[in-house]
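The values are calculated or read from the model by the stated rules, or taken from the named source; none is laboratory data. For clarity, every value in this text was computed on a predicted model and none was experimentally measured. Cβ atoms come from the backbone with ideal geometry, glycine included; neighbour counts cover every protein chain shown.
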Amino acid sequence: MTNQTTTIYNERTFYPAFIKDVLQAEKEVIIYSPFISKYRAAFFRKTFVRLRIKNIQLTIFTRPVEEHEEYVQEEAKAAIRIYESLGAKVVFLEGSIHEKIAVIDKKILWTGSMNILSQRSSREIMTRVEDEDLTSRVISCLDLDRNLRLKTGNRTSILGVVIKSIFSGLFAMIRWVMVVLVKAVVAIFNVISFILG
């Protein structure tokens, strides 16, 4: 059984505590926020710039823009542009996701009622749990590792496959050229040897 530290926050006390955790991240920060706003993107700008400087991976899971109400779609697009410019991987999960969580280094879990990346004036409650076992179970429940591989890995893996194919082809061609050259040199030496005696 692991030691568990649990603390409850409201909409006023959440952000200072959350930002403190984010800035202490060593590897990655994952945020599930079904809704996102330009207001919160501007609020988090300095924090996420510091993550980028430290080379901490930031991944944001949210709804596709078309799943937002039409009147906030432009707002969502603007927020996405800001997050991507700050180095975040923005991953769209279809099907009206409603989970509101954050995972830091797979050992700190934030969960509750708050859309972390859009909240402005609503009253909320969030729980901070420092427990690797529980965090692992939430990651498993959300199939988070698979979603990270599938959604954020596609570009990299496709590019990797293309590059690997190109290099494989080049090496095969170079090997073929070398074999042909060696056979040609051997043939020339044989002809010269035959002519000379």
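Please count how many residues of the stretch 58-76 are at pLDDT 95 or above and exposed (fewer than 14 other Cβ atoms within 10 Å of the Cβ).
Number satisfying all stated conditions: 0.
Closer than 23 Å to ARG149 by Cβ, loosely packed, with under 15 Cβ neighbours inside 10 Å and polar (S, T, N, Q): does that describe ASN55?
yes
Only one of GLU124, GLU132 is over 19 Å from ASN147 (Cα atoms), surrounded by 14 or more Cβ atoms within 10 Å (Cβ to Cβ), modelled with pLDDT under 95 and in the same structural domain as ARG12 (by TED's automatic domain parsing); which?
Within the list GLU124, GLU132, the selection yields GLU132.
If I ask for residues that are among the polar types (S, T, N, Q) and either crowded, with 19+ Cβ neighbours inside 10 Å or closer than 19 Å to ARG120 by Cβ (or both), which ones from the stretch 20-48 would you list?
Initially, the stretch 20-48 is screened for residues among the polar types (S, T, N, Q), giving 24, 33, 37, 47.
Answer for the stretch 20-48, where residues must be among the polar types (S, T, N, Q) and either crowded, with 19+ Cβ neighbours inside 10 Å or closer than 19 Å to ARG120 by Cβ (or both): SER33, SER37, THR47.
Considering each residue of the stretch 90-99, count those that are more than 17 Å from the chain's Cα centre (by Cα) and charged (D, E, K, R), and give that number.
So the answer is 1.
Can you name every residue in the stretch 124-143 that is β-branched (Val, Ile, Thr) and outside any helix (DSSP H, G or I)?
If the condition is that a residue be β-branched (Val, Ile, Thr) and outside any helix (DSSP H, G or I), then ILE125, THR127, VAL129 are the ones that fit.
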